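Novice: Quick one: the structure is below, and I'll ask about it shortly.
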Amino acid sequence: MNNWLNIIQNKCLPSRCMFCGQPGFNELDLCQACFNDLPRNYNCCYRCAEHFETALLSPQLCGRCLKKTPSFDETHAPFLYSDALRFLITQLKFNRQFKHARLLGTLLAWHLAENVELPECIVPVPLHRNRYRERGFNQSIEIARHLSAQLSLPLELNYCVRTRDTAHQTGLPAKQRNKNMRHAFTISQALTYRHIAIVDDVMTTGATVASLASALKKQGANRVDIWVCARA
């Protein structure tokens, strides 16, 4: 039924690029030219995805990860948080543009399918109940739903609980972000997976996902990867 609905929709309402209005490609609301213009994060630290200005000949760690190993193992962030990616993410998060979640999830899934060892399940970063009540949805869950469907991976929404209603991270320096996120998550059930990927929209310092990865590893996870649409 879903396949037929998609076929009918694509025939009656063909995709259009949300940036320039040209016909979309691969049934996306994005044209080939605008897709090619998206800012890529090709050269980056393989552990935290921090962008390097120079090209790399082999996988490297950034100075921060060399100095202190984070609680997660790898980060996959195919795009940089600028221009079009900032628009897509902020419009999803603050203006309920759910079609952006489909586009972001699909672009991330394309990258992951070619570049990663798939985990046993994916876990979106949870919102505190107060923030969820205020916003009405969790953008990380919306993106993760598309990843789950396209990569055929279990989506776990009940393992992790955000127990502290932390202050907004925007504008905080790195040290304050880490302090703000300390002990922010609790694992509510016994883990049955050993390799888990955490899904979020954007990664800035990594404080949020590091806190969640630490909580997962304390409960028995052997490997925790981070999947985000963009790296700031």
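The values are calculated or read from the model by the stated rules, or taken from the named source; none is laboratory data. Bear in mind that the values here come from a model prediction, so they are computed numbers and not experimental data. So basically every Cβ, Gly included, is an ideal-geometry build from the backbone, and we count neighbours across all protein chains shown. Only protein heavy atoms, including side chains, enter the accessible area calculation; ligands, DNA and RNA are left aside. Shrake-Rupley method; radii C 1.70, N 1.55, O 1.52, S 1.80 Å.
Novice: Looking at segment 211-227, which of its residues are of a type outside the set (S, T, N, Q) and in a helix (DSSP H, G or I)?
Specialist: Leu212, Ala213, Ala215, Leu216, Lys217, Lys218
Novice: So, in segment 184-193, of the ones that are modelled with pLDDT under 90 and farther than 12 Å from Ala210 by Cβ, which residue ends up least open to solvent (accessible area, probe 1.4 Å)?
Specialist: In this case the residue turns out to be Ser188.
Novice: Let me ask something additional. Enumerate the pairs (first residue in segment 102-116 and of a type outside the set (Phe, Trp, Tyr); second residue anywhere and open to solvent by 50 Å² or more (accessible area, probe 1.4 Å)) with beta-carbon separation below 6 Å, excluding pairs fewer than 6 apart on the same chain, so at least 6 apart or on different chains.
Specialist: Final answer for the pair search is Arg102/His146; Gly105/His146; Ala109/Gln150.
Novice: One residue is enough: does segment 60-75 have a residue meeting the conditions of a type in the set (Ser, Thr, Tyr) and closer than 23 Å to Glu142 by Cβ?
Specialist: Within segment 60-75, one or more residues are of a type in the set (Ser, Thr, Tyr) and closer than 23 Å to Glu142 by Cβ.
Novice: Search segment 47-82 for residues being out of contact with any strand residue (DSSP E or B) (no Cβ under 6 Å at 6 or more places or on another chain) and among the hydroxyl-bearing types (Ser, Thr, Tyr), and hand back the single one that is nearest to Asn222 (Cα to Cα).
Specialist: Ser71
Novice: Could you look through segment 1-55, keep only residues that are at pLDDT 95 or above and basic (Lys, Arg), and pick out the one that is nearest to Ile89 (Cα to Cα)?
Specialist: Arg40
Novice: Still on this model: Out of all the residues in segment 186-210, which are of a type in the set (Val, Ile, Thr) and within 25 Å of Phe87 (Cα to Cα)?
Specialist: Ile198, Val199, Val202, Thr204, Thr205, Thr208, Val209
Novice: Starting from residues that are touching a Leu at 6+ places or on another chain (Cβ under 9 Å) and in contact (Cβ under 8 Å) with a residue 60 or more places away in the chain, keep the ones in segment 42-68 and report whichever is least open to solvent (accessible area, probe 1.4 Å).
Specialist: Among those that are touching a Leu at 6+ places or on another chain (Cβ under 9 Å) and in contact (Cβ under 8 Å) with a residue 60 or more places away in the chain, it is Cys48.
Novice: Restricting segment 111-133 to residues that are surrounded by 14 or more Cβ atoms within 10 Å (Cβ to Cβ) and more than 15 Å from the chain's Cα centre (by Cα), which is nearest to Ile187 (Cα to Cα)?
Specialist: Top of the filtered list is His128.
Novice: Restricting to segment 70-119, name every residue that is of a type in the set (S, T, N, Q) and within 19 Å of Asn43 (Cα to Cα).
Specialist: Within segment 70-119, Thr75, Ser82, Asn115 qualify.
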